[in-house]
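Scroll down for the structure; my scribbles are underneath it.
We did not get these values from a lab; they are worked out from the coordinates using the rules stated. What you see is a predicted model, and the numbers here were worked out from it, not measured in a lab. Don't worry about glycine lacking a Cβ; one is built from the backbone with ideal geometry, like all the others, and counts go over all protein chains shown.
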Amino acid sequence: MKDTLLTDRQMEVLRMRKQGLTQQAIAERLGTSKANICIIEKSAHENIRRAKETLEFVRTLDASLLCTLQKGSDLMDASKRIYAEAAPSHIKIRYDSLTLINRIISQVPEKVKGRQILDDIPAYLNEDGEIYFG
């Protein structure tokens with residue numbers, strides 16, 4: 001694959017891990033050491049993390065920080081908070097409450113467990129009513 005942040009070897013290792021293979025099994029298939037596979041996988045995940053952070057920055061370029069959903073708060077209260085914070089700006093948010101909650105879960109799944117927000121989640125709003133979560 002061309003023009004990606006992952007090498008062909010990183011993609012190959014991640015695919016095999018996704019299929020359930022252990023690092024040792026992958027090392028044996030590829031004729032290398034488990035330590036090498038560990039390094040390849042770790043580098044791949046770091047590249048993915050950096051790409052996600054870059055994408056978040058790009059998405060929020062034309063948006064302003066609306067509010068921060070606080071760690072420990074209930075996810076079900078998030079949409080009320082977002083609507084209340086957006087009201088003074090007179091920007092109509094493009095999503096209903098359920099869709100907002102689903103967007104939070106899909107954009108930052110590592111920051112939500114069940115109904116609990118595990119880490120602060122910044123919410124950004126642009127002039128078109130689009131919401132992004134970081």
Eligible lysines near residue 71 by straight Cα distance, threshold 20 Å, same-chain separation 8 or greater = 80, 111, 113
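What does the charge count around residue 29 come to, taking other residues whose C-beta lies under 13 Å from its C-beta (Lys +1, Arg +1, Asp -1, Glu -1)?
+2
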How far apart, in nm, are two points set 7 Å out from the Cα along the Cα-to-Cβ line at residue 43 and at residue 90?
-> 5.4
Mean projected area in nm² (Cα convex hull; one quarter of hull surface) for the chain | 9.9
Counting only residues 5 or more places away or on other chains, whose amide H sits under 5 Å from the amide H of residue 21 once H atoms are built in the peptide plane?
-> none
Treating the Cα atoms of the range 45-111 as identical point scatterers in vacuum, please give the log10 of the normalised Debye intensity I(q)/I(0) at q = 0.22, 0.23, 0.24 Å⁻¹, two decimals.
-> -1.13, -1.19, -1.25
Under a Cβ-Cβ cut-off of 15 Å, what is the net charge of the residues other than residue 115 that fall near it, where Lys and Arg count +1 and Asp and Glu count -1?
-> +2
Extension reserve of the residue 4-residue 22 stretch, reckoned as 0.36 nm per residue once the Cα distance is removed = 4.0 nm
Distribution output for the range 8-58: share of Cα-Cα pairs per 5 Å bin in percent, first bin at 0, values 4, 23, 28, 19, 11, 8, 5, 2
Looking only at aspartates and glutamates whose Cα falls under 19 Å of residue 34's and that sit 8 or more positions away or on another chain, we get 8, 12, 46
Counting other C-beta atoms within 10 Å, which of 83, 132 has the fewest, and how do the rest follow?
-> 83, 132
Label points 7 Å out from Cα along the Cβ direction at residue 115 and residue 55: separation in nm?
-> 3.0
Based on DSSP H runs of at least 4 residues, each adding -39500 (n - 2.57), what is the mean residue ellipticity at 222 nm of the chain after dividing by all its residues, to the nearest 500 deg cm²/dmol?
-> -15500 deg cm²/dmol
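In the chain, which longest range has no trypsin sites (Lys or Arg not before Pro) that are both DSSP loop (not H, G, I, E or B) and surrounded by at most 14 other Cβ atoms within 10 Å?
The longest such stretch corresponds to 3-70.
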